[in-house]
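Accompanying notes for the structure given below.
None of the figures in this text is laboratory data; all of them are computed from the coordinates on show. Bear in mind that the values here come from a model prediction, so they are computed numbers and not experimental data. Every residue, glycine as well, gets a Cβ built from its backbone with ideal geometry; the counts of neighbours run over all protein chains shown.
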Amino acid sequence: MITEHQYRRLMKEYQQSGQVGRAALKASMDRKTAARYLAAGHGPEVKESRWWRTRSDPLQAVWPEAERWLGRAPELETKALFEHLVATRPEEISARAHRSFYRRVARWKREHGAPREVFFPQARTPGASLQLDWTHASELAVKIGGEAFPHLLCHAVLPYSNWEWAVPCRSESFLSLKAGLSAALWELGGVPGQLQTDQSSTATHAVRRAARERGFNPEYLALCAHHGIEPRTINRASPQENGDVESANGHLKRRLEAHLVLRGERDFAHEADYAAFVAQVCRGANALRRERLAEELAVLRPLPATRYPEAEEILLTLVSTSVRVFLGWAPIRLFVHGFPACIKSFRKPLVFDHEKYLLSSERLVLLLIRSELGQPFITNILGYFLGLQENQLSVYRPVLETIFTAVSVFCSAFNLRLTTGRDSAAAGRI
């Protein structure tokens, strides 16, 4: 039987040429078939679709149970459910009925299943955006100096070419954001149009809690303004909008795992050695993306004249009633002339006034500020040195406050106090 389209083509060609053989050839049918339809003067008859069954339903005995399972756990895979029914009720369903079962389940999901989320294809423009995200990498079991190194990777990806860059870090913080973004842009050699992140507290804060509205942090806006890049965030609980970097996170960790296996060991002498290893792996992957990357490099804006400072400074005012206790070693003259210091980056040694005196980050530094500066501030400082993230501070805050109280009692018992002679304030930078 021919189709309606073939019949119309046959009649059109026959009216133009008047030749049965030529019209049959154009309509992709045999000459005798074409002659028969030309003589009949009408196209193929449309048969009414059959509504009755020609054999008994092979799923009649098990389908009620299958519907109950689909209602309770719609995420069940069709194949797994069919195998379960065959194993538990082999006398009522045959393994040969799997195609009928698959079609029946598909029809049930169309009629009764949860609505499926619709995704639209996203157009990628060269140099339009840079997606940045953090991913936990502790499963790589990397060691530094023989000790376990729990860490994250600050990961940046260009969606158009899939060019990527990653920097190991201790936590999802603004310090790691600055270090990761600067490293990525300087390795790339240019600045894309937008920087896209999720709505983490690193980049945003709650403006109105009731409305769940969030705005950009001033420090984050200053970072973006320095590089001339537009900040942008995805919607809440919508990781698919950052899909390129989210997908690349898994690929990067699998690639690192493979190179660690090829390396033969997972122990590195220093964190810098591990960072260089991650950079080498990223460069190897980016070498396969040169063609599309060249399109992006042609439209990127130039880098700023200087890198954004990665050190974080906190300005405090210390008066004569302040108590400063250091568990560790520091020159005594620093107690007299104030305490200017700068946190270079996460868990790095503290450099006092850019001089040779170092206080190892492995030693706990307690800054006991006067009460109006607030105990929560101290617990945040302690949490910082212990490597706690913001979402962990609320859990460990009672422990940190206990440490604060214990040291305060110790200082009061031994009357540890620094007197400068007057109540003039001395500026200290941490």
Exercise. With Rg and the Kirkwood Rh both taken from Cα atoms, where does Rg over Rh land for region 52-197?
Worked result: 1.27
For this session: Take the alpha carbon atoms of region 244-258, find their center, do the same for region 60-79, and report the distance between the two centers in whole angstrom.
Result: 36
For this session: Kindly provide the GluC sites (Glu not before Pro) of region 39-114 that DSSP labels as loop, not H, G, I, E or B, and whose Cβ sees at most 15 other Cβ atoms within 10 Å.
Result: E45, E48, E75, E77, E91, E92
For this session: Considering only DSSP beta bridges where both residues belong to region 155-296, give the percentage that are antiparallel (nearest 5).
Result: 65
Problem set entry | Packing-based exposure ordering (other Cβ within 10 Å, fewest first) of V299, V167, V191 | V299, V191, V167
Exercise. By its C-alpha gyration tensor, with a ≥ b ≥ c as the square roots of the eigenvalues, how is region 228-298 shaped: rounded for a/c under 1.5, else prolate for a/b larger than b/c, else oblate?
Worked result: prolate
Seminar exercise, completed: Fewest to most Cβ atoms within 10 Å: K253, K143 sort as K143, K253
Exercise. Fewest to most neighbouring Cβ within 10 Å: what's the order for V157, V118, V86?
Worked result: V118, V86, V157
